[in-house]
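Below: one structure, written as structure tokens.
Bear in mind that the values in this text are calculations on the coordinates, not laboratory data. Here the structure is a predicted model, which is why all the values come from computation and not from measurement. Here the Cβ positions follow ideal geometry from the backbone for every residue, glycine too, while neighbour counts run over all protein chains shown.
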């Protein structure tokens with residue numbers, strides 16, 4: 001294999017590892033959400049105690065799981081799609097669909113979301129936005145920043161998809177079933 005193929009494969013692997021690491025780390029928040037929700041309920045109904053910050057933390061964790069887990073889900077082909085035509089295509093056809101989908105749909109949507117959310121996030125940073133509730137969590141501006149981070153992570157995974165497609169079209173690797181996972185059908 002040529003040196004450029006090795007470079008593409010290494011780059012694809014390193015970029016893919018970013019979302020694998022983030023996804024695995026962020027997945028622990030689902031367990032923490034369950035524990036905190038359980039504590040909120042027990043404290044409220046058994047001891048008549050409640051903390052707004054604790055309740056808001058569940059919302060923060062939920063948002064983080066969805067925003068930062070989106071690229072991980074894309075990496076493992078977990079987003080729902082209609083595979084009526086895709087599954088009938090061979091590896092090269094699937095590679096073309098993945099390549100064009102990333103270039104014409106995924107990246108433009110990431111750019112658009114980043115662009116329209118930039119002022120929203122920036123204005124939140126300007127005032128160091130905090131919860132509107134007394135005793136609520138500070139750092140709403142940090143939570144809002146994950147919108148831009150989500151688009152970056154999804155764009156990185158889109159890059160992995162583009163690189164994988166290029167390799168398949170060059171006769172190296174296999175298309176579909178992102179990173180060895182099976183495709184989900186609707």
Item to complete: Could you state the angle between the C-alpha long axis of helix 140-169 and the longest principal axis of the C-alpha atoms of the chain, as a value from 0 to 90 degrees rounded to the nearest 10?
Response: 10
Worksheet item: Using the alpha-carbon atoms, what tilt in degrees (0 to 90, nearest 10) does helix 3-47 show relative to the longest principal axis of the chain?
Response: 20
Worksheet item: Top mean-square fluctuation among 168, 154, 36, Gaussian network model of the chain, C-alpha springs under 10 Å?
Response: 36
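Ranking 3, 56, 133 by Cβ neighbours within 10 Å, fewest first, what do you get? Present the calculation step by step, with values, prior to reporting the outcome.
Numbers: 3 7, 56 17, 133 11.
Placing the least packed residue first, the sequence is 3, 133, 56.
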Worksheet item: Taking the chain as a Gaussian network, Cα atoms linked when under 10 Å apart, which of 158, 173, 101 shows the biggest mean-square fluctuation?
Response: 173
Item to complete: Once you've got the GNM for the chain with C-alpha springs shorter than 10 Å, pick whichever of 122, 152, 63 has the biggest mean-square fluctuation.
Response: 122
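Over the range 3-180, what relative contact order in percent results from Cα pairs under 8 Å that are six or more residues apart?
With pairs under 8 Å counted, the relative contact order is 33 percent.
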Worksheet item: Rg and Dmax of the range 106-170, Cα atoms, in Å?
Response: 16.4, 59
Worksheet item: With each run of n ≥ 4 DSSP H residues scored as -39500 (n - 2.57), what mean residue ellipticity at 222 nm is computed for the chain after dividing by its residue count and rounding to the nearest 500 deg cm²/dmol?
Response: -25000 deg cm²/dmol
Response to the item:
One point scatterer per Cα, no solvent, Debye formula: log10 I(q)/I(0) for the chain at q = 0.08, 0.11, 0.12 Å⁻¹ comes out as -0.35, -0.61, -0.70
